[in-house]
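These notes are about the structure you will find just below.
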Amino acid sequence: MKSIREIFRMGYGPSSSHTMGPSRAAEFFKTKHPDAEKYRVTLYGSLALTGRGHGTDSVIHKVIGRPEATEIVWQDEITLPRHPNGMLFEALKGGQIIDTWEVYSVGGGALWDEKGTFDSEEVYPATTMSEILGWCKHEGCTLVDYVAAHEKEDIFDYLAEVWEQMQQTIKNGLENEGVLPGTLKLARKASSYNIKAQQSAGSSRPMGMLFAAALATSEENAGGGRVTTAPTCGASGVVPAVMYFLKHDQNMTDYRIIRGLATAGLIGNIVKSNGSISGAEVGCQGELGTACAMAAGAATQILGGTPRQVEYAAEMGFEHNLGLTCDPVCGYVQIPCIERNAFVAQKARESAIYALFSDGRHMVSFDDVVKTMMETGRDMQAKYRETSLGGLARVCLKRIQDQQKKRQENLNM
């Protein structure tokens, strides 16, 4: 199992698989062929179906820096065998193809190809939660200790940078107002939610704070702002929101939160190693389900939970997101993505509280849920896996198009 650095990547939204991954791939291919006269990039499957809304073509043009010499080909009816997010890069000189490269954006900004170009060092000997819990019991340690025992010494310095970026993203999102880019004309809500939360009392105040923080990050991501994958851009609002809530409502220190992020990263890593965090492969259960598990487990640890309680919280957060589809309206990471982050952040908090009331014993293990998620993802029809061909994307599209047409007609009057 690789470093948890793979789970927490800092970069620009709105999509880790549709913008971060392709931008890394474009940079790699451009560096390999700086003297090419022309580039051709063919996008397949989910990348082709929702790439326009996610800005895949824009980020490729931006990275290569020669839009007049870069052709984007959309193959939405063809899916490459290894993953729904497939790309084919071609470099041309004198009208002839001098090199081709097939690569896949597999979620969270990660890339994979047949040559192992992006393979990184295996860090953890154990790959399942049950194995890690066995180590913790034998050593009398926590999941954080397991991370510290296997990562490089500077891992907590890196997590401190991650936490700093998460807080900055929330701060930006709470200040920014206006309309998000794209044809949906979706208004930002985080600022107003934060103001109302600060003026509230009782249970409404902490819930409002959590909603506002999650909206802030998700709106920044949708607007192309700088975010941290946790584990993806589309699910980047959950973990920061819960950590922000624990700091500002529960008075937890940055030290405890950074250690909690180590646990969150380990949980996300287990899912990525044994399942998938790609919405195009398994639906949103792989993105927001994993984010919920990460946040729930981290919160439980920060609040004094045992390793068994941490595992229970993570299992619960994951289990109750099974079957969640990825159906972005018009291909934007806006509807239903932004609201889902807010509600899943609340679910993560509830999972942590529930687990802390328990002794940590339960019937279904975290590893069982990871396996079930993958089986569910394989059974899920492709139209519900980040293609914008089914679910809310299909139901809402016609109504949105009619609204846009009416708005245009009013402008022309």
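Distance from the alpha carbon centroid of the range 305-355 to that of the range 79-148 works out to 23 angstrom.
Of the residues ALA187, ALA352, ALA25, the one that moves most in a GNM of the chain with alpha-carbon contacts below 10 Å is ALA187. For HIS138, the solvent-accessible surface computed with a 1.4 Å probe is close to 150 Å², ligands and nucleic acids excluded.
Remark on the chain: CYS136, CYS141, CYS233, CYS292, CYS330, CYS337, CYS396 stand apart, with no other cysteine beta carbon under 4.7 Å.
Per residue, the average separation of C-alpha pairs within less than 8 Å and at least 6 apart gives the range 181-244 a relative contact order of 28 percent.
Ignoring aspartates and glutamates fewer than eight residues from LYS171 along the same chain, the ones with Cα atoms less than 19 angstrom from its Cα are GLU161, GLU219, GLU220, ASP249, ASP254, GLU339.
The range 379-413 and the range 220-246 have their alpha-carbon centroids 25 Å apart.
Taken over the range 238-386, lysine pairs spaced eight or more positions apart, or on distinct chains, with alpha carbons under 22 Å apart number 5.
For the range 248-382, a simple Cβ point-charge model (Lys and Arg +1, Asp and Glu -1, everything else neutral) yields a dipole of about 280 debye relative to the Cα centre.
Taking every C-alpha pair closer than 8 Å and separated by at least 6 residues, the mean separation divided by the residue count of the range 30-131 gives a relative contact order of 28 percent. Over all directions, the projected convex hull of the C-alpha atoms in the range 154-208 averages 5.5 nm² in area.
In the context of the full set of protein chains, residues of the chain present 43 Å² of accessible surface per residue (probe radius 1.4 Å, heavy atoms only).
Values of log10 I(q)/I(0) for the chain across q = 0.08, 0.09, 0.12 Å⁻¹ run -0.41, -0.52, -0.92, by the Debye formula with one identical scatterer at each alpha carbon and no solvent.
Magnitude of the charge dipole for the range 54-200, about its Cα centre and with charges confined to Cβ atoms of Lys, Arg (+1) and Asp, Glu (-1), is about 880 debye. Ignoring aspartates and glutamates fewer than eight residues from LYS62 along the same chain, the ones with Cα atoms less than 19 angstrom from its Cα are GLU27, ASP35, GLU37, GLU71, GLU90.
Relative to the Cα centre, the charge distribution of the chain, modelled as +1 at Lys and Arg Cβ and -1 at Asp and Glu Cβ, gives a dipole magnitude of about 1340 debye. Under the criterion of Cα pairs below 8 Å and six or more residues apart, the relative contact order for the chain equals 18 percent. Rounded to the nearest percent, how much of the accessible area of the range 107-229 (1.4 Å probe, protein heavy atoms only) is carbon and sulfur? Carbon and sulfur atoms account for 48 percent of the accessible area of the range 107-229. Residues whose amide H falls under 5 Å from that of ILE98, counting only those 5 or more places apart or on a different chain, are ALA91, LEU92, LYS93, with hydrogens built in the peptide plane. The residue list CYS326, VAL239, ILE155 was ranked by how far each Cα lies along the charge dipole of the chain toward its positive end, using unit charges on Cβ atoms, and CYS326 comes out on top.
The values are calculated or read from the model by the stated rules, or taken from the named source; none is laboratory data. Computed from a predicted structure; not experimentally measured. FYI the Cβ positions are ideal-geometry reconstructions off the backbone, even for glycines, and counts take in every protein chain you see. Heavy atoms of the whole protein, side chains included, go into the accessibility calculation; ligands, DNA and RNA do not. Shrake-Rupley method; radii C 1.70, N 1.55, O 1.52, S 1.80 Å.
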